[in-house]
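Each remark here refers to the structure printed beneath this line.
The values are calculated or read from the model by the stated rules, or taken from the named source; none is laboratory data. Just so we're clear, the structure is a prediction, and the values are computed from it rather than from any experiment. As a convention, Cβ positions derive from the backbone with ideal geometry for all residues, glycine included, and neighbour counts pool all protein chains shown. These area figures cover heavy atoms from the full protein model, side chains too; ligands, DNA and RNA do not enter into them. Shrake-Rupley method; radii C 1.70, N 1.55, O 1.52, S 1.80 Å.
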Amino acid sequence: MASLTCTNFTLLTAAAILLQIAGLSLFVFGFFPIKPALSGVSGPESFHPSSCDSIEVQNFTALHPDQLKSLYQELSEIPPSYDRLILMVIDGLPAEFVIGRDDQPPSKIYKDAMPYTQSLLANKMALGYHAKAAPPTVTLPRLKAMTTGSIGGFLDVLFNFNTQALLEDNIIGQFFRIGWKMVMLGDETWLKLFPGLFTRHDGVSSFFVKDTVQVDNNVSRHLSYELYKNDWNLLILHYLGLDHVGHLGGRTSTLMGPKLKEMDEVIKLIHSSIIQNHKQTLLVVVSDHGMQENGNHGGSSYEETDSLALFIGPKHSHVSVSPTDVVTINQVDIAPTLSLLFGVPIPKNNAGYLITDLFHPLQDHELLRAMELNSLQLLKLLEAQTTHSTCKSLYLDAISLHKSWKMKNDLRVFYRSATNDEFTNTVFAYNEFLKTASQQLSHTATDKPMGLLAIGVTTMLLSCIIFLFLLFKLIQETYQNLKIQLSEAFIAIIIIILVLSMGSSSLVEEEQYLWHFMTSSFFLISLHKTFKSKSMNKIKTPILISIIIISGRVLRGWHQGGVNWTHLPDISKSLENSSSFYIKLLQILSVFVILILCFCTLSSLKSYVVISIMGSYFCVGLLVLNYVMKYQGDGDNDNDGILAAQMIYGLIVGLTSVMVVGSPWIISFYLKDLVLKIKDCLYLSGIAYVFGWCFLQLLLQKPVNSMPISLLLVQILATIFCGSDRGSDFKQWVEIGAIYYLGMAGHFSLGNTNTLATIDVAGAFIGISTHSTVLSGLIMFVITYASPMLSLLSMVMLISMKDINPNLKNMGQLLKTILGFPCLVPLGLNSVLLVAYTIILLLMRNHLFIWTVFSPKYIYVVVTTVCVLVGVLIVASTVTYIVSVVFLLRHRFYKHSTS
């Protein structure tokens, strides 16, 4: 079979990459579209069963706000309960901090931190609810849910970092249309969602999580002035400090108590003002989401979805709900409740239902009218989104009972007790319809363009076939003996087992166990094979493999559990619960381990340049050590800490660039052998990538992750040096597969999981003085994919350790020989996993856990693909550049010597 030329090989690889990108893009935008919403806004027609209304109703947008407000009140038949609203959002506040959990009051530390709020609940001046938030539990989709009442699309989590104006019908727009004056203080997400609607505003960035003080002071400094003013109807206060405290130190942070006390003082100030100045004001205290023990959020665990809804107003003094009762609502229920309390239509796409406790001051017929309007709106949405619904009969039953009650109540035929029974039955019937309709709308699967999805899957499958074909072709050309050994077969077995596991939600949640088990099994098989082989070095290779296995076992125990077993003890939890001295000690040890490994790898190069490089890395190590000791933690937001981090960034990037770009020019002066030039340049560039990346991770990762970074480096270097043994039986593609698997196992060893909640948001702002979506997003990617990218960058060093055929005079053939496996193996392995999980996601599109388990995992699969493509591009570009420069200088030398 004829071999492929370098040009054909490159073109096919590039075509496969482009096909993969195109297919992935088609599938993602087909499977995760923006959830369809009914266009337009609710108007007077929302108060009638029929859309055939008068000309005045059809042209309601031309009415003056005061006229529209009067029309709404007349049509609704419900007097507004309040005339002013204060919406206070405490970002990230779990409901259990305020109203407890499982019939138990909040813990003493939280209860003591909010005495005024607790007194309001105890005296029945406030109603508190666990408001269940739908995943993803990040700010943008949660604010949309509270203002529109609709369940957002899953990809809203991506738009959380680039908020656009909200075009969907919402209560803020409804208030604006009836002439309300609105003021917003706090998270600037509100300004992006509702541009131009606020009379006054002072927005702050929600992403600079290092700031826990000024971000809230910027809100509270205006509060006394706004409470004194009477020119607004809606005041929105969005406090971010508590969420930032969580990101920095978790639920048990020492800053949590004082921050809760600060929020309690704000509630006290507002409520005191309401009692004294404007009693017809409703204060609603909500949170957009909760937080895990480590302070992060984004997933679907109870701790993350447990948000708060607290209603404080003068009308609650006679409610029958006990403050110790655990009452759960849905976050989307806030929108219809506020709409009817303040006399505006319910937003068109609302999927929530009324919190009836807040309507108890109303008369019976007014409460039933409110439930009727909510039912009518949900019925219209159901009819628009689904072809058939079992809810219609429930709606007709409720309407029938309502009509019967009205007729009997008007005629007063029966005794009062009979009328009360009729009323109770009607309320029950409405509740049955509302809950059933809301649940159906919340779980309605978005219609997916199956044709587009099929094209996307087919394109990715074609790309995968090309990658595997090229890989098989390269193996055929490289190795004459294609006899498959157990260690080689196990590389494929790992992929097969991982593909089979993807259909199980439990195995997706706990994927780390498979990676740790498979990688350790591979190296145990390799260790057994080494003892049986006729290797020239019977001591070196077994020792190195043993180091890899031992390091892997430590990494396996560093972060315990993915989603369901996070409560189990592990090394990281023990360190965090102990004195910070031990974490600092491990950080210092990690810096010195990486420095020693760096010096050892550099010492094999016989060049005067090595001394200056060692000195440069020693300076980097000292700067990282200085940052770790002085600034990491609560002080890394100081100007000095920011400057120190920026200096380290600059030094690492500068040193890496100089070594990669300058190595072929410098080494060519004192080395004449072509092969040695290329190998030394690649070796030096590989060192620059690997150690520069590790020092960068020591700066960015959580302090407890410093030792895992050094252990990952030990594993990868040990694997590379195992394969460099001239008597080694490892084939290059097997070695590369092993390094790739180590990178994936290491991803979970750093505490990452398949939920969005483990993404380190706080670390994304190290060295950044002001918020930048691009920079913080890039740093977040670097932190999250530290281990997979390290394994990919190490390919440059691995290439330098392999023999290069000195007879290959053609640059194209040389590039194909040394770049083939390092590029194709990661691309091929990732492509198999990508295609397999894409098909599984498509098959699971109606699964109960599609949005909570399978979709978050797919986001990680997509970003892992991006990581692989970027890593392969860096490796291919580096090797091509070095080989090109060496050949260019060689050509110039010969041309000069012959002239």
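Listed residues ILE611, ILE596, ILE652; which is under 27 Å from MET744 (Cα atoms), loosely packed, with under 13 Cβ neighbours inside 10 Å and not charged (D, E, K, R)?
The conditions single out ILE596.
Being in contact with a Gly (Cβ under 8 Å, 6 or more places away or on another chain) and open to solvent by 80 Å² or more (accessible area, probe 1.4 Å) is the filter here; which residues of segment 249-269 pass it?
None - no residue of segment 249-269 is in contact with a Gly (Cβ under 8 Å, 6 or more places away or on another chain) and open to solvent by 80 Å² or more (accessible area, probe 1.4 Å), so the list stays empty.
When residues of segment 348-368 are filtered for being among the charged types (D, E, K, R) and either farther than 19 Å from PHE433 by Cα or part of a loop (DSSP other than H, G, I, E, B) (or both), how many remain?
Counting residues in segment 348-368 that are among the charged types (D, E, K, R) and either farther than 19 Å from PHE433 by Cα or part of a loop (DSSP other than H, G, I, E, B) (or both) gives 1.
Scanning segment 173-189 for residues that are charged (D, E, K, R) and not in a strand (DSSP E or B), which turns out most open to solvent (accessible area, probe 1.4 Å)?
LYS181
So is SER572 of a type in the set (S, T, N, Q), closer than 25 Å to GLY751 by Cβ and in contact with a Phe, Trp or Tyr (Cβ under 9 Å, 6 or more places away or on another chain) or not?
For SER572, the condition - of a type in the set (S, T, N, Q), closer than 25 Å to GLY751 by Cβ and in contact with a Phe, Trp or Tyr (Cβ under 9 Å, 6 or more places away or on another chain) - is met.
Looking at the structure I just gave you, is VAL204 within 20 Å of LYS144 (Cα to Cα), touching a helix residue (DSSP H, G or I) at 6+ places or on another chain (Cβ under 8 Å) and of a type outside the set (D, E, K, R)?
Yes.
Going by the conditions given, is SER604 modelled with pLDDT of 80 or more, more than 35 Å from the chain's Cα centre (by Cα) and in a loop (DSSP other than H, G, I, E, B)?
Judged against the criteria, SER604 is a match.
For segment 763-807, enumerate the residues that are in contact with a Lys or Arg (Cβ under 9 Å, 6 or more places away or on another chain) and free of Cβ contacts under 8 Å to residues at least 40 places away in the same chain.
Listed by number, the list holds a single entry, ASP803.
Can you pull out every residue in segment 173-190 that is closer than 28 Å to MET263 by Cα, in contact (Cβ under 8 Å) with a residue 40 or more places away in the chain and not small (Gly, Ala, Ser)?
Once the filter is applied, which keeps residues that are closer than 28 Å to MET263 by Cα, in contact (Cβ under 8 Å) with a residue 40 or more places away in the chain and not small (Gly, Ala, Ser), segment 173-190 yields PHE175, TRP180, LYS181, MET182, VAL183, MET184, LEU185, ASP187, THR189, TRP190.
When you go through (1) in contact (Cβ under 8 Å) with a residue 12 or more places away in the chain; (2) charged (D, E, K, R); (3) within 30 Å of LYS677 (Cβ to Cβ) one by one for LYS584, which number turns out not to apply?
(3)
If you take the residues of segment 475-510 that are open to solvent by less than 30 Å² (accessible area, probe 1.4 Å) and polar (S, T, N, Q), which of them is farthest from ILE840 (Cα to Cα)?
SER487
Among the residues of segment 549-593, what is the count of those that are touching a Leu at 6+ places or on another chain (Cβ under 9 Å) and more than 18 Å from VAL714 (Cβ to Cβ)?
5
If we only count helices (runs of 4 or more DSSP H) wholly inside segment 472-583, which ones have 2 or more residues that are charged (D, E, K, R)?
Per the criteria, 511-532, 540-556, 571-577.
Test LEU235 against the criterion of being of a type in the set (A, V, I, L, M), in a loop (DSSP other than H, G, I, E, B) and under 30 Å from LEU68 (Cα atoms), and give yes or no.
Answer is no for this residue.
Looking at LYS192, LYS210, can you tell me which residue is assigned to a helix (DSSP H, G or I), at pLDDT below 90 and under 30 Å from the mean Cα position of the chain (by Cα)?
Going through LYS192, LYS210 in turn, the sole match is LYS192.
Here is a yes/no grid of residues against (1) over 32 Å from the mean Cα position of the chain (by Cα); (2) open to solvent by less than 10 Å² (accessible area, probe 1.4 Å):
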position	(1), (2)
PRO65	yes, no
ARG84	yes, no
GLY92	no, yes
SER107	no, no
PRO115	yes, no
THR148	no, yes
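Going through segment 336-350 one residue at a time, which ones are out of contact with any strand residue (DSSP E or B) (no Cβ under 8 Å at 6 or more places or on another chain) and surrounded by 23 or more Cβ atoms within 10 Å (Cβ to Cβ)?
If the condition is that a residue be out of contact with any strand residue (DSSP E or B) (no Cβ under 8 Å at 6 or more places or on another chain) and surrounded by 23 or more Cβ atoms within 10 Å (Cβ to Cβ), then PRO336, THR337, SER339, LEU340, VAL344, PRO345, ILE346, PRO347, LYS348, ASN349, ASN350 are the ones that fit.
From the residues in segment 270-303 that are under 26 Å from ASN577 (Cβ atoms) and open to solvent by 20 Å² or more (accessible area, probe 1.4 Å), which one is nearest to the chain's Cα centre (by Cα)?
Filtering first and then ranking leaves HIS297.
Please specify each residue of segment 540-572 satisfying the condition of being basic (Lys, Arg) and modelled with pLDDT of 85 or more.
Result: ARG553, ARG556.
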